[in-house]
Amino acid sequence: MYKLLLVSDKEEIRNLYSNFAEWEALGFERPTLANDAQQGIEQLKANRFDAVSWLLSVNEGKQFFTYLSHRPEMLGMETARDVQKLRREISCARRTLSSRDASRRMKQDDDLTCAMQGEFFCDLLRGVAYDREKIDERILSLGLKSIDPGRPVGLSSFRLPQGDYFLAEVWRYGRERLENALKNIFENGDGRMYFVLLIINPHHMRLLGLPRVAMSVGEVDNMIRRHLENCQKSLDVFFELTLNIKRIVPYESLYALGMENALRTAH
């Protein structure tokens, strides 16, 4: 059930909304009523509402609208003066709210899927051993349609030598926001490649590059090197940090990376 706040200094409007009998059938709880702008503002501060409707005198209206301008997430619903229009406005508001909720759920699902995709690849970067069957299973379950585990991949290791100093003395926004900023730099680039960054500590990182289209081992290697060059330019501009590449290791496939992890774990 959605929740509506009606703010009106007109008694006939409040009576119309209060006596309307179809609220629950149309997906709303009975509305909360406020007699003036100040009561409406207090209600919005103290409670959660999905939509708000108001009809006020000029001065009251200005006061309430000024407050609402700082609440852009709040759905404004046109105030009705008769039952027929009220029924129409409630139905329209319900459709809008339902659509917005569906979009939010889809975004949450997409965000969760992206997080799970990143975690799978970060496991490989940490050295977790996955056999061919497990890799195929995870690629399928995570919906990574553009990633073919049989294509070549590249693994780079690099350092940010000033990372500890930068985090402790220069950066004022916390480790998590720095890591998010670095991910924005390293995981975005050419649309033909999928990049995943693993931050081991402020100055030691690994980057996995996976092609979204068919490429040779050499092409993947070149793409990663160009990508790291572009990342270095962004680091210079935004953070004045230097990137020291330790190595870039090409693999014939994602399977080969998983197999190397398995051999390393066995020893």
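The values are calculated or read from the model by the stated rules, or taken from the named source; none is laboratory data. From a predicted model like this one, the values you see are computed outputs, not experimental measurements. Virtual Cβ from ideal backbone geometry, glycine too; neighbours counted across all protein chains shown.
Given the residues Phe28, Phe49, which is the only one that is under 28 Å from the mean Cα position of the chain (by Cα), among the aromatic types (Phe, Trp, Tyr) and at pLDDT 90 or above? Talk me through it step by step, then tell me what you get.
On the way: Phe28 fails: under 28 Å from the mean Cα position of the chain (by Cα).
Being under 28 Å from the mean Cα position of the chain (by Cα), among the aromatic types (Phe, Trp, Tyr) and at pLDDT 90 or above holds for just one of Phe28, Phe49, which is Phe49.
Based on what the data block shows, is Gly163 in the same structural domain as Arg151 (by TED's automatic domain parsing) and on the phi > 0 side of the Ramachandran plot?
Working: in the same structural domain as Arg151 (by TED's automatic domain parsing): yes; on the phi > 0 side of the Ramachandran plot: no.
Criteria not met by Gly163.
Give just the number: which of (1) at pLDDT 90 or above; (2) in a helix (DSSP H, G or I); (3) under 25 Å from Arg247 (Cβ atoms) does Ser157 not satisfy?
Going through (1) at pLDDT 90 or above; (2) in a helix (DSSP H, G or I); (3) under 25 Å from Arg247 (Cβ atoms) one by one, Ser157 breaks only (2).
Taking the conditions exactly as written (out of contact with any Phe, Trp or Tyr (no Cβ under 8 Å at 6 or more places or on another chain) and more than 21 Å from Val249 (Cβ to Cβ)), does Gly163 satisfy them or not? Spell out how you get there, then give the answer.
Values: out of contact with any Phe, Trp or Tyr (no Cβ under 8 Å at 6 or more places or on another chain): yes; more than 21 Å from Val249 (Cβ to Cβ): yes.
Against the criterion (out of contact with any Phe, Trp or Tyr (no Cβ under 8 Å at 6 or more places or on another chain) and more than 21 Å from Val249 (Cβ to Cβ)), Gly163 qualifies.
Looking at Met215, is it within 23 Å of the chain's Cα centre (by Cα), buried (at least 18 other Cβ atoms within 10 Å of the Cβ), under 14 Å from Ser146 (Cβ atoms) and not hydroxyl-bearing (Ser, Thr, Tyr)?
Numbers: within 23 Å of the chain's Cα centre (by Cα): no; buried (at least 18 other Cβ atoms within 10 Å of the Cβ): yes; under 14 Å from Ser146 (Cβ atoms): yes; not hydroxyl-bearing (Ser, Thr, Tyr): yes.
No.
Pairs under 7 Å by beta carbon, first residue among the aliphatic types (A, V, I, L, M) in segment 13-26, partner outside any loop (DSSP other than H, G, I, E, B) and surrounded by 10 or more Cβ atoms within 10 Å (Cβ to Cβ), six or more apart or different chains?
From segment 13-26, the pairs are Ile13/Leu55; Leu16/Leu86; Leu26/Ile90; Leu26/Ser91; Leu26/Arg94.
Could you look through segment 1-41, keep only residues that are part of a helix (DSSP H, G or I) and in contact with a strand residue (DSSP E or B) (Cβ under 8 Å, 6 or more places away or on another chain), and pick out the one that is surrounded by the most Cβ atoms within 10 Å (Cβ to Cβ)? Walk me through it before giving the result.
At the first step, the residues of segment 1-41 found to be part of a helix (DSSP H, G or I) are 11-19, 24-26, 37-41.
Still in the running and in contact with a strand residue (DSSP E or B) (Cβ under 8 Å, 6 or more places away or on another chain): 13-14, 17-18, 37, 39-40.
On the way: Ile13: 21, Arg14: 18, Tyr17: 20, Ser18: 12, Ala37: 23, Gln39: 16, Gly40: 27.
In this case the residue turns out to be Gly40.
Within segment 229-242, is there a residue that is more than 24 Å from the chain's Cα centre (by Cα) and either surrounded by 18 or more Cβ atoms within 10 Å (Cβ to Cβ) or of a type in the set (A, V, I, L, M) (or both)?
Looking for residues that are more than 24 Å from the chain's Cα centre (by Cα) and either surrounded by 18 or more Cβ atoms within 10 Å (Cβ to Cβ) or of a type in the set (A, V, I, L, M) (or both), one finds at least one in segment 229-242, hence yes.
Consider Leu97 carefully, then state whether it is outside the structural domain of Ile13 (by TED's automatic domain parsing) and either among the aliphatic types (A, V, I, L, M) or buried (at least 17 other Cβ atoms within 10 Å of the Cβ) (or both). Show your work before the answer.
Values: outside the structural domain of Ile13 (by TED's automatic domain parsing): no; either among the aliphatic types (A, V, I, L, M) or buried (at least 17 other Cβ atoms within 10 Å of the Cβ) (or both): yes.
Taking the combined requirement at face value, the residue does not satisfy it.
Can you run down the residue pairs with Cβ atoms below 7 Å, 6 or more apart or on separate chains, where the first is in segment 67-92 and in the same structural domain as Leu33 (by TED's automatic domain parsing) and the partner is in a loop (DSSP other than H, G, I, E, B) and not aromatic (Phe, Trp, Tyr)?
Once the first residue is in the same structural domain as Leu33 (by TED's automatic domain parsing) and sits in segment 67-92, its partners that are in a loop (DSSP other than H, G, I, E, B) and not aromatic (Phe, Trp, Tyr) give Leu68/Met74; Leu75/Asp50; Leu86/Ala80; Arg87/Glu22; Glu89/Met77; Glu89/Glu78; Glu89/Ala80.
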